[in-house]
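First the structure, in the form of C-alpha cells, and then the observations on it.
The values are calculated or read from the model by the stated rules, or taken from the named source; none is laboratory data. The model shown is predicted, which means the values in this text are computed figures rather than measured ones. Every residue, glycine as well, gets a Cβ built from its backbone with ideal geometry; the counts of neighbours run over all protein chains shown.
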Amino acid sequence: MKNFIRNMYVLLLFASCSNDDYQPISYENPEIVLNIPEGFPDLNITAITNAPTKYGVELGKKLFNDKRLSADNTIACASCHIQANAFTDNLTRAIGIEGRIGLRNTPPIQNMAFMQFYNWDGNTLVLENQPLVPIITHEEMDSSILEVIGKIKNDQEYIELFNKAFGDETVTNDRIFNSIAQFEYTLISANSKYDKVIREEGTTFTLSETQGYQIFKDKCISCHSTELFTDQSFRNIGFPINPDSEEAGRSRVTREADDYLRFRVPSLRNIEYTAPYGSFGQFETLKEVLDYLDNGVIEAENLDPILKDNGNKISLTEAEKTHLISFMKTLSDTDFIGQ
Amino acid sequence: MKNFKKYLLLSFSALAIISCSNDNALVANNVTLEFNNTFGNETIVLGNATSTEATRNTSAEGQVHHFEELKYVISNIRLIKEDGTEIPYNVNDLDNGATVVNQAKTETLKYVLNDIPTADYSQIKFGLGVKTSLNTLDEVSFPNFYAAAGENDTQMHWEWGTGYRFTKIEGFYDTDNKTLSFHSGSTIDEDPDDTTGESFIQGVDAYRDITLNLPTMAIVGHSAPKIVIKADFNKFLSGDTHTITLVTTENISNNATPSAHTATEMMKFVDNIGGTGDTNTTGMFSITNVEN
C-alpha cells in the first residue's frame, strides 16, 4: 500500500512537471466544502485558513476517538463528546481519567465553524487552540502533547493519514490540533424539524410546537437569537452557583467584576440530547430549567437586565412550559446525532 | 571534500582544547541571580496553617498572614551595560532563559546566567511571568521549562488558559488561619476574525517587566558577579498601588478582595508585586547588593 502511494506521488510529480495547472495536493486530498445553512453567520476565518480536507477530517476524527490522547489510555475526546448526545455526555460535570471530576458541564460540539467564542466562559477564540486543553488538564486526560506524539508516531495507520492529510508523515502538534479542528468544523447541525419547517420542506409544526415557537419568540429569543439559537453573549441569569472556588464564569477570562458568574448563552439546538443543563449540570430536565426561571432566580448585582426588569424571573404557565419544550424538541437533528 | 572535513574536525578539536584551557574566563562570565523572598527584611519561612516556624507578616490593614507555598516565574532577562546597551539572555528561549523560583526548593533560589559578554553592567531587567508571545504551553519548543513548570510539586501550568501560572501563593490569613490562595497568569487573546487590524482583545496581561538599577556595577569577565534580588512579599497585600483587605466571599464591596483565586481582583495583586508596567517598574523587587 505504501509503495503504491509512493508510486502515485512519483507519477503525480511527473504529471505536475508536464502541466503547470495541475495541483496534485488538491487531487489527492480534496477540500471539503462546508455548506453554510440558510440564515447562519459567515464561517470563521480559521474554518477557511484551516479548511477541512478529506484526510484532514479523517485524521481528526481518528484522533478524536483515540484514547491514547489520555495519560492512561482510557479517555478519548469522544468519551465525553458523544455523538448521540450532540457531542456532550449526560453527566453533570465532566469526568476524566481515574474518575477525576472537572469544573463544568461538557459543552456540546456543533456548529463550531460559526462560533466566535468557545467554552462556557469564552476563554478560547480559536478552535485550533482548544484540543491541547483537555489533553493536558489534570481532571481530563492529564497527558502532554509530546506524550501523545510519542504514542502515535509509529502507528502505521497514523503514518498513512498524516501523509495523506499533510503531504508527509511527520506528526506535529499543530497538525494534531488542526486536524481535530477540521473534523469539528464539519459537525454542522441544521437539519432539525425546525429547519425543515423554516425551509418549507413539507413539514409543519404541531399546534403545541407552534404555540411554543410563539412563546419562544416572546420570552427567550432576546438571548437565544439567530439561527445558532444563541447570541453568544455572556450573562448572569442567577442559576444555582457552582461551589468550586475556581468558578468565576466569564470573569476568569476578563478579570472584570461585572463578568462574575456570567456564562455564554448556550445554543438550544439539540437541547433534547444534552441534559443535564447549566454550567455544572444543575438541572436534570428542561422542565426543571423552566420551573426555576418561573420561580425566580438568584439575585446578583450583575444579574441580566432582562431578568431584573421582570422581577428576577421568566413567568411561564404550566401549559406554556409544555409548549416551549415541544418547540425546543423541534431543534433535535436526528441526522446529526446519527440516528 | 574529505580533506575539508578533516580540517573542520581538526579546527573543532583545536577549539575544544582552547575552551578547556580557558575555563576560568568562561566562569567569570557567569552571573548568578540570587532571589531572597522576604516579608520586609525577614526571609520567608514557609509553613502549614499551625506551623510555629513560618514567618508571619501583618498587612497595612492589620491582617496577619503566612505562606505555605510560594512560586513565581522569571523570564526575559536582560543585563544593561553602563552605556545603555542591552544584552538579552535567551529571551525567546524558555528552556534556557526562564526559571521557576520556588521558595520550597533551595536550588531554585539561584539562577546562573552563562556566557555574559565581558562588560560592566549597571542595570537588570526581567519579567515576572512569561510574555504573551511565549505563553502558550508549547511543550514541543520548550520541553525542559514545560516539564519543570509542570512537575507535581511545582504546578505552574495554567491548563485552561494554555499558559503558565506566573505566581502561585498558598497560605493562611487572620488569626483563625483562613485559606489564602492566589494564582496569577495572562488570559489575553486576540480575535482571529477581526480583519480591521484593530484586533479585539479579550482578557488581561499579567506579565510585568521589572527594571532594577544595580547599586554597584556588576563587573562581568573580571569576576563572576552575584546579584542579590529581594522580593518583598509584604507588598503582596500592602503594595505601592493597592492596599488589600482579604475577605472570604466574592462580595467585593468596601474595597475588599476575595482570598481564594481572586478571579475578579487578580490584577490588584499583580500590580502590587510586579508593578503597574508604566509608572512603577519595580513592584516588590529591589537589589540588595552586587558581589563581584
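Computed values, structure above
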| read-out | value |
| --- | --- |
| Residues of the stretch A:140-156 satisfying the condition of being outside any helix (DSSP H, G or I) and more than 9 Å from every other protein chain (Cβ to nearest Cβ) | A:Met141, A:Asp142, A:Ser143, A:Lys153, A:Asn154, A:Asp155 |
| Within the stretch A:81-104, considering residues that are of a type in the set (A, V, I, L, M) and touching a residue at least 12 places away in the same chain (Cβ under 8 Å), the one nearest to the other protein chains (Cβ to nearest Cβ) | A:Leu103 |
| Search result, residues across the stretch B:114-135 that are more than 16 Å from the chain's Cα centre (by Cα) and over 18 Å from B:Thr99 (Cβ atoms) | B:Pro117, B:Thr118, B:Ala119, B:Asp120, B:Tyr121, B:Ser122, B:Gln123, B:Ser133 |
| Test for B:Ala104: is it of a type in the set (A, V, I, L, M), within 29 Å of B:Ser59 (Cβ to Cβ), modelled with pLDDT of 95 or more and surrounded by fewer than 16 Cβ atoms within 10 Å (Cβ to Cβ) | yes |
| Enumeration of residues in the stretch A:38-73 that are touching a residue at least 24 places away in the same chain (Cβ under 8 Å) and among the hydroxyl-bearing types (Ser, Thr, Tyr) | A:Thr46, A:Thr53, A:Tyr55, A:Ser70 |
| Residue in the stretch A:105-116 that is at the interface with chain B (Cβ under 10 Å from one of its Cβ atoms), assigned to a loop (DSSP other than H, G, I, E, B), surrounded by fewer than 20 Cβ atoms within 10 Å (Cβ to Cβ) and in contact with a strand residue (DSSP E or B) (Cβ under 9 Å, 6 or more places away or on another chain) present | no |
| Condition broken by A:Thr254, with the remaining ones in (1) modelled with pLDDT of 95 or more; (2) out of contact with any Lys or Arg (no Cβ under 8 Å at 6 or more places or on another chain) satisfied | (1) |
| So B:Phe269, is it under 19 Å from B:Gln63 (Cβ atoms), in contact with a Gly (Cβ under 9 Å, 6 or more places away or on another chain) and modelled with pLDDT of 85 or more | yes |
| Whichever residue in the stretch A:31-50 is within 14 Å of chain B (Cβ to nearest Cβ) and in a loop (DSSP other than H, G, I, E, B) and, among such residues, is modelled with the highest pLDDT | A:Asn50 |
| From the options A:Glu140, A:Glu128, A:Glu98, residue that is at pLDDT 95 or above and surrounded by fewer than 18 Cβ atoms within 10 Å (Cβ to Cβ) | A:Glu98 |
| Number of the condition not met by B:Ser181 [criteria: (1) under 30 Å from A:Ile136 (Cβ atoms); (2) part of a strand (DSSP E or B); (3) away from chain A (no Cβ under 11 Å)] | (3) |
| The stretch B:128-148, subset of a type in the set (A, V, I, L, M, F, W, C) and under 22 Å from B:Met284 (Cα atoms), residue surrounded by the fewest Cβ atoms within 10 Å (Cβ to Cβ) | B:Leu128 |
| Subset tally (residues that are closer than 19 Å to B:Pro225 by Cα, buried (at least 17 other Cβ atoms within 10 Å of the Cβ) and not charged (D, E, K, R)) for the stretch B:110-127 | 9 |
| Condition check for A:Asn123: touching an Asp or Glu at 6+ places or on another chain (Cβ under 9 Å) and modelled with pLDDT under 95 | yes |
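To keep it simple, each residue is scored yes or no on (1) under 25 Å from A:Gly39 (Cβ atoms); (2) among the polar types (S, T, N, Q).
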position: A:Leu187; (1), (2): yes, no
position: A:Thr206; (1), (2): yes, yes
position: A:Glu209; (1), (2): yes, no
position: A:Thr226; (1), (2): yes, yes
position: A:Asn236; (1), (2): no, yes
position: A:Phe239; (1), (2): no, no
position: A:Glu247; (1), (2): no, no
position: A:Arg250; (1), (2): no, no
position: A:Val253; (1), (2): no, no
